[in-house]
1. Among all residue pairs at least 6 apart or on different chains, which show Cβ distances below 6 Å where the first residue, located in the range 76-95, is over 14 Å from Y146 (Cβ atoms) and the second is open to solvent by 30 Å² or more (accessible area, probe 1.4 Å)?
2. Can you tell me which residue is least open to solvent (accessible area, probe 1.4 Å) among those in the range 180-209 that are over 26 Å from L407 (Cα atoms) and in a loop (DSSP other than H, G, I, E, B)?
3. Please enumerate the residues belonging to the range 405-422 that are open to solvent by 30 Å² or more (accessible area, probe 1.4 Å) and hydrophobic (A, V, I, L, M, F, W, C).
4. Mind listing whichever residues of the range 273-320 are open to solvent by less than 40 Å² (accessible area, probe 1.4 Å), of a type in the set (S, T, N, Q) and within 14 Å of the chain's Cα centre (by Cα)?
5. What is the residue count in the range 393-404 for residues that are open to solvent by less than 20 Å² (accessible area, probe 1.4 Å) and not acidic (D, E)?
6. Evaluate the following for K566: is it under 30 Å from P233 (Cβ atoms), open to solvent by 60 Å² or more (accessible area, probe 1.4 Å), modelled with pLDDT of 90 or more and more than 21 Å from the chain's Cα centre (by Cα)?
7. When residues of the range 29-85 are filtered for being over 25 Å from F302 (Cα atoms) and open to solvent by 40 Å² or more (accessible area, probe 1.4 Å), how many remain?
8. Of the numbered conditions (1) over 19 Å from L443 (Cα atoms); (2) open to solvent by less than 20 Å² (accessible area, probe 1.4 Å), A381 fails exactly one; give the number of that condition.
Amino acid sequence: MVNNVPIYSSSGIGQIVGYRDLFHERMMPNIRKCVSTLERENLMHLVSNMAEKLVNRPFYNPNYGHGRENIDALRFFFSKDNAKYINEVLLRFNKLVNRAKKQPHSYLAASEDSLLYLMRDIFATTYKVNNYNKIKIEKNFFKSLYAANQITCERGGGVSPYTLEDNPELFYAATMLRQFSSNNYHDNHMLLVTQTIKCIRFFEFAAKHTEFSKMVPLFCQKYGLDNKWWCYPKAIWELECIFNSHIGEIDFAKCKMPDDNITYRVAIESSLDVNDFVSKKENRDFTKFRSRPLIRMDETRFFLFNHNLWIEHIYNSLYFDFREIAEKEFGFKGQDFNRLYTTDFSEGCLFTQTLKGIFLSQSNVNLCENECIEIDKSKDAKNCGAPDFYARYDNFVFLFENKDIKLKDYTKECGKLKDYLDFLYLNLVRSDKGKPKGVGQLLKNVQRIRTGEFQKRWDPNCPKDAIVYPILVLADVKQTMNGVKNLLQNWQVDEYSHFSIDGSNIMPVVLTDIATLCLFAKTFSNRNFKSYLDDYYKKSSIDYFIKSNELTDLFNGLASFPEYMKTQHNEGIVDFSKHWEEYIRK
């Protein structure tokens, strides 16, 4: 039974303070020049502390006093020797607040993205011996962070193609999407669970797969796992716990862990040396940090500056590790391995098996793409565009399309809104050559249901006037960010004319990700998948905002399905804990 609670019960807008917010008349500082005045190890200590004390925290805390935890940016960076500069910054900050009184915000000291930009410049810079005094060094490092903040603020550039007067829903949806290239993900616990679930599912699948089963021992050899693959995610969990309790720092010389050697080996293979030089070109979209999210200070000490990248590493690193093994040891070409990984695991295991479990007891018929191809006796059965997954219960039809779309590094780096909107449309609605994609593919099969073609090919008992729930499943939850579903639902209506359908008995497209389906599979199976969809439509309607003009109603109206599911009871989390505990105890 669904929980009778709103997706969001309160709302607020947080804005990070950029350099130009404070010093709009001055030139932007050169970050690399500013950070070159400090040695790398000192910089790592500072960045690690900033991640703990400044990210998503207030820029200025007037109530801060001795012994208080909530330190603000001014007290973090400056000693009493810089009292004059502190007063100047505070005066400028108060002017910023007064200018924005009509649009009240909470002003934040830094974001996770800001630290990534700062770290990228640090690793693209060599230390220069200088004779700067303490006051100058404090100012330099303050300027470097707020220059990084400014880059973060300006990256989501571009004007919404929709106006507030003509279409407030799409105006706000597009405005929300200006942060599409952000690396912030605030629910680290949920991310840790979903990444671990996918990791476990991959290795359990690989153990039974003809090709992947040959690669697993080589993966274990790389990390010194003694053929115990579960020690890999276990080591990342152990390190994450220690990093959380030690403010992003670990010293293996002081820590005693059950699998000390394995955990250390995983840390080594996942780290950059503190003195490595990494050019900005080589680290576009922080690709180097994604592959090696830890910083190795010496033989035993490691720093973590971004928990998101570290947690994502549990599962995301597997693709690259296994591709390297497949190419070097088994002669695979990149495209061949990608097809194997996507078709056999992502689609065949994660997507299809999960949906089969969900609809086992709540459908008259359920078919994956391969089953549709086997049933279809037409000559074009393999190339006709069968649904990725289809389920029907009486008069209710659930159509699924599964997409693994990836932004180019350049698009994420530039962060232009128009580029992202084009990316969404061309990959999830219709290609530049006019070929239906995602939403278009879903509507093509709706057209087949209405004309009777679907019944001839796959399900002869499907009513032509069936109520259809179109569901688009993406590989990456970040691509389902709030606001995307509003654009897709608008484009969905525009597409009706291409397929000569009027939209009757077609529900708005639901956008979700594979991890959400995996995480809540037992909930959907035991309860009623349709009831969650219906409740989501109700709670994420933009109509409440149109009537109330309240910010909370706006956020609910833009909310994604994964965000909605966070408010629901998860019956599968206990099963996951027990299953994971079995591996931990091995």
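1. D81/I135; N82/I135
2. H209
3. First pass over the range 405-422, keeping only residues open to solvent by 30 Å² or more (accessible area, probe 1.4 Å): 406, 408-410, 412-414, 416, 418-419, 422.
Passing the criteria: only C414.
4. Once the filter is applied, which keeps residues that are open to solvent by less than 40 Å² (accessible area, probe 1.4 Å), of a type in the set (S, T, N, Q) and within 14 Å of the chain's Cα centre (by Cα), the range 273-320 yields N306, N308.
5. In the first step, residues of the range 393-404 are kept if they are open to solvent by less than 20 Å² (accessible area, probe 1.4 Å); the result is 397-401.
When the remaining residues are screened for being not acidic (D, E), the result is 397-400.
Looking only at that region, the number is 4.
6. Values: under 30 Å from P233 (Cβ atoms): yes; open to solvent by 60 Å² or more (accessible area, probe 1.4 Å): yes; modelled with pLDDT of 90 or more: yes; more than 21 Å from the chain's Cα centre (by Cα): no.
No; evaluated as a whole, the condition is false for this residue.
7. 16
8. (1)
The values are calculated or read from the model by the stated rules, or taken from the named source; none is laboratory data. All values reported here derive from a predicted model rather than from experimental measurement. Cβ sites come from the backbone with ideal geometry, for glycine too, and all protein chains shown count toward neighbours. In case anyone asks, the SASA skips ligands and DNA or RNA and just uses the protein heavy atoms, side chains included. Shrake-Rupley method; radii C 1.70, N 1.55, O 1.52, S 1.80 Å.
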